[in-house]
Amino acid sequence: GQALVCADGSAVMYPVTTGFLAALRSPSMTMAVQVTAPDGTVLGVADGSVDMDSRRTTQRTCSLTLTPTSSLSLSAVYDLVMQPGFEATVKRGLYVNGGIEYVPLGVFATDTATKPAQPTGQLQWSGSDRSKKISRARFTDSYQATKGTALASAIGDLLTSRWPLVAYDFSNVSDTLTAGVKLDPGESSDPWQRARDIMADHGYDLAFNGIGIVEATPLLDPAVQEVAFDFGAGTTNLVTGGETQGSLEDTYNRVIASGEGSDVTAPVQAVVWDNDPSSPTYYLGSFGARPYFLSSPLLTTVDMCTRAATTRLAKIKGRAEQFQWPAVVHPALEPLDLVTVTLAGKTQRLVIDRLTIPLGPSEVMAAVARQIGGAA
């Protein structure tokens with residue numbers, strides 16, 4: 001994988017050089033975008049964006065406004081992107097020390113493409129990351145993994161059974177299945193969602209990264225998570241305006257996890273709270289109690305229930321706020337990164353749930369984040 005990994009195994013934003021970070025804060029920052037086909041053909045891009053959301057089954061999606069190039073007419077671009085095996089590799093970068101340092105934003109297969117009737121103009125294209133290939137390969141027969149199988153092997157085999165070309169890196173996963181897994185066939189089966197559910201039960205977030213490889217990221221308590229990026233304060237503050245819109249509809253401060261199924265010989269359960277007094281969703285604070293319930297046949301011990309509850313709480317506690325961040329686009333940031341933002345003299349710790357990275361030079365980055373802990 002390409003994410004910078006801490007000693008605790010958690011992922012931090014895509015690694016960039018100190019020159020990149022310096023260019024990011026420069027008033028004369030110059031960006032670049034590159035979109036390529038599988039054979040290396042460079043596509044003309046007028047505009048677009050990449051959207052990343054840790055709360056969705058398919059975490060990365062992309063929209064592009066494509067243009068003709070010196071070697072491709074608009075019809076040729078349309079024919080290229082409508083090939084069933086087509087994938088667009090999307091990167092955004094900065095000019096650093098005379099060259100371009102790119103950050104990969106994803107590998108996307110075509111969802112839709114629309115071209116005008118006239119041979120001139122622009123083509124509108126949308127795509128999704130490779131998880132859709134897994135989701136669409138519905139189970140036609142029952143799929144099983146036996147108790148005691150290494151989790152990395154179980155999920156790797158599941159993904160490969162759906163798409164033999166899938167690339168994954170689970171070198172950081174040492175767990176084993178404490179219960180057998182049986183996945184039923186049918187039109188409504190979703191192999192990718194089931195793989196994500198199994199990983200979540202063991203404390204991992206499963207997703208395709210920016211270079212199209214599946215990774216399992218350990219989910220930590222944001223209260224002790226390492227800060228991936230500081231947006232600065234005062235004259236160095238990269239958050240210079242915009243607005244904040246808050247929502248508490250999907251915010252919880254207590255998770256109750258329990259085991260179920262034939263491998264659970266006795267009832268097992270664990271309860272985990274937001275027990276940080278400085279947190280805006282502290283379970284004994286003014287927010288009140290808001291429990292979230294989950295159960296799984298893979299949770300066969302109290303320890304596993306505790307881990308699953310802690311993992312889920314890490315994604316749903318904290319005040320959710322939507323920020324519009326103008327003046328800077330930091331393409332190396334990713335969902336689940338912890339960042340600090342200082343506004344009006346107060347520093348907030350925020351866990352990013354969603355990022356929209358624009359591909360146009362004058363557009364702003366948008367983010368949905370959760371406030372973790374009190375403002376300093």
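Of Asp337, Asp197, Asp303, which has the largest mean-square fluctuation in a 10 Å C-alpha GNM of the chain? Between Asp337, Asp197, Asp303, it is Asp303 that shows the largest mean-square fluctuation. For region 133-196 versus region 32-97, the spacing of their alpha-carbon centroids is 29 Å.
Place +1 on the Cβ of every Lys and Arg and -1 on the Cβ of every Asp and Glu in the chain, take the dipole about the Cα centre, and give the residue among Thr57, Val33, Pro119 whose Cα lies farthest towards its positive end. Highest projection toward the positive end goes to Pro119.
When the alpha carbon coordinates of region 1-152 are projected onto the principal axes, the ranges are 58, 44, 26 Å, largest first. In this simple spin-label approximation, Gln193 and Ser73 carry label points 7 Å from Cα along the Cα→Cβ vector, and these lie 4.3 nm apart. Take the Cα of Gln124, step 7 Å toward its Cβ, do the same at Gln83, and the gap between the two points is 2.6 nm.
For the chain, the relative contact order works out to 17 percent when only alpha carbon pairs closer than 8 Å and six or more residues apart are counted.
Evaluate the charge dipole of region 1-142 about its Cα centre and quote only its size in Debye, nearest 20, assuming +1 on the Cβ of each Lys and Arg and -1 on the Cβ of each Asp and Glu.
So the magnitude is around 200 debye.
Placing +1 on each Lys and Arg Cβ and -1 on each Asp and Glu Cβ, with no other charges, gives region 155-246 a dipole about its Cα centre of roughly 200 debye.
Protein heavy-atom surface of the chain, 1.4 angstrom probe: 50% of the accessible area is carbon and sulfur, with nucleic acids and ligands not counted. Distance between the modelled labels on Ala233 and Arg56, one decimal in nanometres: 3.5 nm (7 Å Cα→Cβ projection).
What is the dipole size for the chain, taken about its Cα centre, with +1 at each Lys and Arg Cβ and -1 at each Asp and Glu Cβ, in debye to the nearest 20?
Values: 28 positive and 37 negative charges, 61 e Å.
Result for the chain is approximately 300 debye, rounded to the nearest 20.
Where a ≥ b ≥ c are the square roots of the eigenvalues of the C-alpha gyration tensor, would you call the chain rounded, which needs a/c under 1.5, or, failing that, prolate if a/b is larger than b/c, or oblate?
Numbers: a/c = 2.12, a/b = 1.20, b/c = 1.76.
Note, shape of the chain comes out oblate.
A full extension of the chain between Ile211 and Ala344 corresponds to an added length of 44.1 nm, given 0.36 nm per residue minus the alpha carbon distance. Listed by chain and number, the lysines whose C-alpha is less than 23 Å from the C-alpha of Lys147, apart from same-chain residues fewer than 8 away, are Lys182. For Lys315, the lysines whose Cα falls under 25 Å of its own Cα, not counting residues fewer than eight places away in the same chain, are Lys132, Lys346. Legend: Rg and Dmax of region 69-227, from Cα coordinates, 19.6, 60 Å. Between Ser54, Ser279, Ser28, the Gaussian network model of the chain with springs among Cα atoms under 10 angstrom shows the greatest mean-square fluctuation at Ser28.
The values are calculated or read from the model by the stated rules, or taken from the named source; none is laboratory data. Computed from a predicted model, the values in this text were never measured in an experiment. Positions of Cβ are backbone-derived with ideal geometry, glycine not excepted, and every protein chain shown enters the neighbour counts. Note: areas computed on protein heavy atoms with side chains; ligands, DNA, RNA excluded. Shrake-Rupley method; radii C 1.70, N 1.55, O 1.52, S 1.80 Å.
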